[in-house]
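Q: Okay, here's the structure, questions in a sec.
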Amino acid sequence: MIDTAQTQTQGPGQDPAQDRVLRIGLLGAARITPRAIIVPSALHGDIDLMAVAARDRAKAEAFAEEHGVLTVADGYEALVTHPEVDLVYNALPPSSHAHWCIKAMEAGKDVLCEKPFAMTADEAQAMVATARRTGKRVIEAFHYRYHPMFSMLMALVASGRLGALEHISASLGSPISENPRELRRIKALGGGVLMDMGCYTMHWCRTLTGHEPSNIAAEAHISGEVDDALGAEFMCGNVACAMTVRMDPDVDRGSELLIEGNEGRILVRNPLAPDRGNSYLLETLTGSEEGEINGPTTMECQLMAVKRALYEGTPLPTEGADSINNMRALDQVRAAANLC
């Protein structure tokens, strides 16, 4: 059986940062913010939602009232320089990630930045360089990485039960509105399925293999001004990887991850958001098993990991060189698919 004991997240009584309050400022009144920050914060008494800022102040005021945010900042600049904010959550479109993450770190704030980290690897390098120069943190919000499900997969691969890895197949689909005002349909804002969903599937492959992609071949379908479906094949070390991402209206919502070695394989349903239902089928030389991995939401796991890391000064797997390398990989897929 899969040993899930080592993959469980720490409970409130085990959290070494439990008695320290983390004060968060919300950059943008985005749709993802309640699930990413508001809801998990409400489960813990050591997180304060200090301020929110949006382009439309009325929208920020309505957001603050609905979600119990203490104040409304008078614009993005006021939010990132707010004297009572420790951590800025940047949920703006990708085109605004680099500028405002850098501004926040220069103002002495740590940052949890939504994915994709930046528009390009060059922007990502500038963000990480600012973190190193200021001594602050900029962490990419790959929430799945902090859930017991992915911890189990990492432990399984490391254990050798699958043998030497040979192949990984990753797929992710979610129908996205074709309204031209939808930000994921606007190229200049960082839209397109490669940026929105391909950042995840590429990260799965890179993380599980510990290698960067090479020999990339990719093909994309264009709808309007962005890619709405994309397939890519590449090597991560000696592992052949394939990823498929879709946001066209006809796609079924869901994600799958197949990891194959020369002695076994595991198929996982919903590695992206396992708290919304998941399953796995493991087949090895000694037999097979089916099951699921329980745990908190991926967003709660992420927020608690970030809080502990900030107070303990410990590194996280979704910051620094990892963020640069993931953006570089996306740049390479973009070029291979002629999306530049």
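Q: Given (1) of a type outside the set (F, W, Y); (2) within 25 Å of L153 (Cβ to Cβ); (3) not in a loop (DSSP other than H, G, I, E, B), identify the lone condition not met by A220.
A: Among (1) of a type outside the set (F, W, Y); (2) within 25 Å of L153 (Cβ to Cβ); (3) not in a loop (DSSP other than H, G, I, E, B), A220 violates only (2).
Q: Pick from L257, L230: which is touching a Pro at 6+ places or on another chain (Cβ under 7 Å) and part of a strand (DSSP E or B)?
A: Being touching a Pro at 6+ places or on another chain (Cβ under 7 Å) and part of a strand (DSSP E or B) holds for just one of L257, L230, which is L257.
Q: Quick check on E256: is it touching a residue at least 12 places away in the same chain (Cβ under 8 Å), touching a Lys or Arg at 6+ places or on another chain (Cβ under 7 Å), of a type outside the set (G, A, S) and in the same structural domain as Y280 (by TED's automatic domain parsing)?
A: So E256 passes the test.
Q: Turning to a different aspect of this structure: Return the residues of the range 310-325 that are assigned to a helix (DSSP H, G or I) and surrounded by fewer than 16 Cβ atoms within 10 Å (Cβ to Cβ); say none if nothing qualifies.
A: Matches in the range 310-325: E312, A321.
Q: Just give me the residues in the range 129-183 being over 22 Å from L194 (Cα atoms) and in a loop (DSSP other than H, G, I, E, B), in sequence order.
A: Within the range 129-183, G135, K136, R137, H147, G160, R161, L162, G163, A164 qualify.
Q: Only one residue in A188, A217, A164, A240 is of a type outside the set (V, I, T) and either under 21 Å from the mean Cα position of the chain (by Cα) or not assigned by TED's automatic domain parsing to the domain that holds N270 (or both), so which one is that? Lay out the reasoning, then the answer.
A: Numbers: A217 fails: either under 21 Å from the mean Cα position of the chain (by Cα) or not assigned by TED's automatic domain parsing to the domain that holds N270 (or both); A164 fails: either under 21 Å from the mean Cα position of the chain (by Cα) or not assigned by TED's automatic domain parsing to the domain that holds N270 (or both); A240 fails: either under 21 Å from the mean Cα position of the chain (by Cα) or not assigned by TED's automatic domain parsing to the domain that holds N270 (or both).
Only one candidate passes the filter, namely A188.
Q: I'd like to check which strands (runs of 3 or more DSSP E) are fully inside the range 261-305 and have at least 2 residues that are on the phi < 0 side of the Ramachandran plot and surrounded by 14 or more Cβ atoms within 10 Å (Cβ to Cβ).
A: On the way: elements: 264-269, 279-284, 287-291.
Here the list reads 264-269, 279-284.
Q: Take the conditions within 18 Å of the chain's Cα centre (by Cα) and part of a strand (DSSP E or B) and apply them to M235. Does it pass? Can you show your working first?
A: Working: within 18 Å of the chain's Cα centre (by Cα): no; part of a strand (DSSP E or B): yes.
So M235 does not fit the description; no.
The values are calculated or read from the model by the stated rules, or taken from the named source; none is laboratory data. All of these numbers come straight from a predicted model, not from anything done at the bench. Quick reminder, even Gly has a Cβ in these numbers, built from the backbone with ideal geometry, and neighbours come from all protein chains shown.
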